[in-house]
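> Sharing a structure with you now.
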Amino acid sequence: AAEHALTTGLPTLAICRGLQVVNVLRGGRLRQHMEADHRHMVHPVTVRPGSLLAGITGESRVTASCYHHQCASGLGEGLVAVAHAVDGTVEAAELPGAAGWFLGVQWHPEDTAANDPVNQRLFDALVTASRR
């Protein structure tokens, strides 16, 4: 499904394992178990200025609700890291030049979107991209 979405240009918001699947599909690697995992925690992530994520959120820092103990240890072909946790973990990646709109986040924006307009903007951006 991930390969189909990427090759056909289907707008895609890859969340948590979704980002991990896309990363591996593109030849990236995963750290199977993080020493200090990011399970059941909410923490800030720093967003790269000028990225799609920065344009969507309008922020340089986003609050991320995480449940992961795996993460990218090396990004796959074409993926660019656009957000990091304080410990350096890649928390978001984009695929410039993709056939369609793509954003992957390692956190769960659905956990806080109802009360956090910044995380809700991720879903709004996906809907907007899907309408095009």
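The values are calculated or read from the model by the stated rules, or taken from the named source; none is laboratory data. In this text the structure is predicted, and so the values were computed from the model without any measurement. Ideal geometry is used to build each Cβ from the backbone, glycine not excepted, and the neighbour counts take in all protein chains shown. Only protein heavy atoms, including side chains, enter the accessible area calculation; ligands, DNA and RNA are left aside. Shrake-Rupley method; radii C 1.70, N 1.55, O 1.52, S 1.80 Å.
> What number comes out for accessible area per residue over the chain if the probe is 1.4 Å? Units Å², please. Present the calculation step by step, with values, prior to reporting the outcome.
Values: 6710 Å² over 132 residues.
Normalised by residue count, the accessible surface of the chain is 51 Å².
> From largest accessible area down, sort T128, T57; use a 1.4 Å probe on the protein chains.
These residues rank, largest area first, as T128, T57.
> For the chain, set up a Gaussian network in which alpha carbons nearer than 10 Å are linked by springs, and say which option among L79, L103, L25 fluctuates the most.
Among L79, L103, L25, the largest GNM mean-square fluctuation belongs to L25.
> Take H4 and R31, extend 7 Å from each Cα along the Cα→Cβ direction, and tell me the distance between the two endpoints in nm.
About 3.4 nm separates the two model spin labels.
> Considering only protein heavy atoms and a 1.4 Å probe, what is the carbon-and-sulfur percentage of the accessible area of the chain?
52 percent
> Okay, next question. Once you have the Cα-Cα distance between R17 and T128, take 0.36 nm times their residue separation minus that, and quote the gain in nm to one decimal.
37.7 nm
> Rounded to whole Å and sorted largest first, what semi-axes of the equivalent ellipsoid does the C-alpha gyration tensor of region 1-84 yield via the square root of 5 times each eigenvalue?
Whole-Å semi-axes of the equivalent ellipsoid: 20, 18, 11.
> How much length is gained on full extension from H40 to V24, taking 0.36 nm per residue of separation minus their Cα-Cα distance?
3.4 nm
> How many percent of DSSP beta bridges within the chain run antiparallel, rounded to 5?
Bridges in the chain are about 85 percent antiparallel.
> Let me ask something else. Counting residues in region 24-132 as N, plug N into 2.2 N^0.38 Å and put the Cα Rg over that result.
Relative to the 2.2 N^0.38 Å estimate, region 24-132 comes out at 1.03.
> From the backbone phi of region 108-120, what are the Karplus-calculated ³J(HN,Hα) couplings (6.51 cos²θ - 1.76 cosθ + 1.60, θ = phi - 60°) in whole Hz, Gly and Pro given as x?
Those phi angles translate into 10, x, 5, 5, 10, 4, 5, 10, 10, x, 5, 6, 4 Hz.
> For A14, what residues show an amide H to amide H distance below 5 Å, using hydrogens built from the backbone and excluding near sequence neighbours?
L103, G104, V105
> Right, something else. Which value at 222 nm does the chain reach when only helices count, each DSSP H run of 4 or more adding -39,500 (n - 2.57), with the total divided by all residues and rounded to the nearest 500 deg cm²/dmol?
On the way: 4 runs with 37 residues, N = 132.
Only helices count here, giving -8000 deg cm²/dmol.
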